[in-house]
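Right, one structure below, let's go through it.
The values are calculated or read from the model by the stated rules, or taken from the named source; none is laboratory data. In this text, all values refer to a predicted model and were calculated from it rather than measured experimentally. No Cβ is skipped: glycine too gets one built from the backbone with ideal geometry, and neighbour counts run over all protein chains shown. What goes into the accessible areas is simple: the full protein's heavy atoms, side chains included, and nothing from ligands, DNA or RNA. Shrake-Rupley method; radii C 1.70, N 1.55, O 1.52, S 1.80 Å.
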Amino acid sequence: MMGRTIFIDPGRCIGCQACVSACRECDSHRGKSMIHLDYTDEGQSVASLPTVCMHCEDPVAPCAEVCPADAILVTADGVVQQADTTRCIGCANCVNACPFGVPKIDLQAKLQMKCNLCYDRTAYGLAPMCATVCPTGALFYGTAEELQAERPGVQVADSFVFGESEVRTGVAMVVPADRVQWPVPGGLPVVEINGKDVRR
């Protein structure tokens, strides 16, 4: 089973944006947030979902695979790094390749930017900034066993299908044990709000 990572629990997100603000404080991209909130039914519901890099494992991160400058490296422990600023050419191949829509291009700097799991913290056993400040635990940092001990009855999904391609990720999505479908179709989380499934 996966080691220490982020688990996204969409049913707990209240849209407070504490994670977005905390991400701006990360030393590798100070001032810019690499996490954003998606609103599942904007205008109809306040339901939201934090979007972070899923650190794809199999196949190797699509963003890294398509980078012509080899600017996106994957660490030995599976963290897909933000593009190396000395190598990135700002071509946006990574943006187009990511099935989760995570990498962004800083148009002024002509550089790719994305979540790197606060590697400056997690490499030393500290939780990422976003998980540290999340008041509801929608972003949980730990092992699957720790999560399941704290929240009995949940399962985690780390396998998502896009068309005929399946992507296994290093970051997982929390899904209710009685509602899970493996793999999660289209990379869309199973979220229940007021007794109704809401899919992004």
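Quick look at the numbers
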quantity	calculated
Where N is the number of residues in the range 5-197, Cα Rg divided by 2.2 N^0.38 Å	0.99
Share antiparallel - DSSP beta bridges, the chain, percent rounded to 5	85 percent
Net charge contributed by nearby residues that have their C-beta within less than 14 Å of Ser165 (K/R +1, D/E -1)	-4
Solvent-accessible area per residue, Å², over the range 5-197 with all protein chains present [probe radius 1.4 Å]	48 Å²
Accessible-area ranking of Leu37, Leu126, Leu147, largest first, probe 1.4 Å	Leu126, Leu37, Leu147
Solitary cysteines of the chain, where the nearest other Cys Cβ is not under 4.7 Å	Cys13, Cys16, Cys23, Cys26, Cys56, Cys67, Cys88, Cys91, Cys98, Cys118, Cys134
Per-residue [θ]222 nm for the chain (sum of -39500 (n - 2.57) over DSSP H runs n ≥ 4, rounded to 500)	-3000 deg cm²/dmol
In Å², nearest 10: area of Asp120 left accessible to a 1.4 Å probe	70 Å²
Carbon/sulfur fraction of accessible area - the chain, other protein chains in place, 1.4 Å, %	50 percent
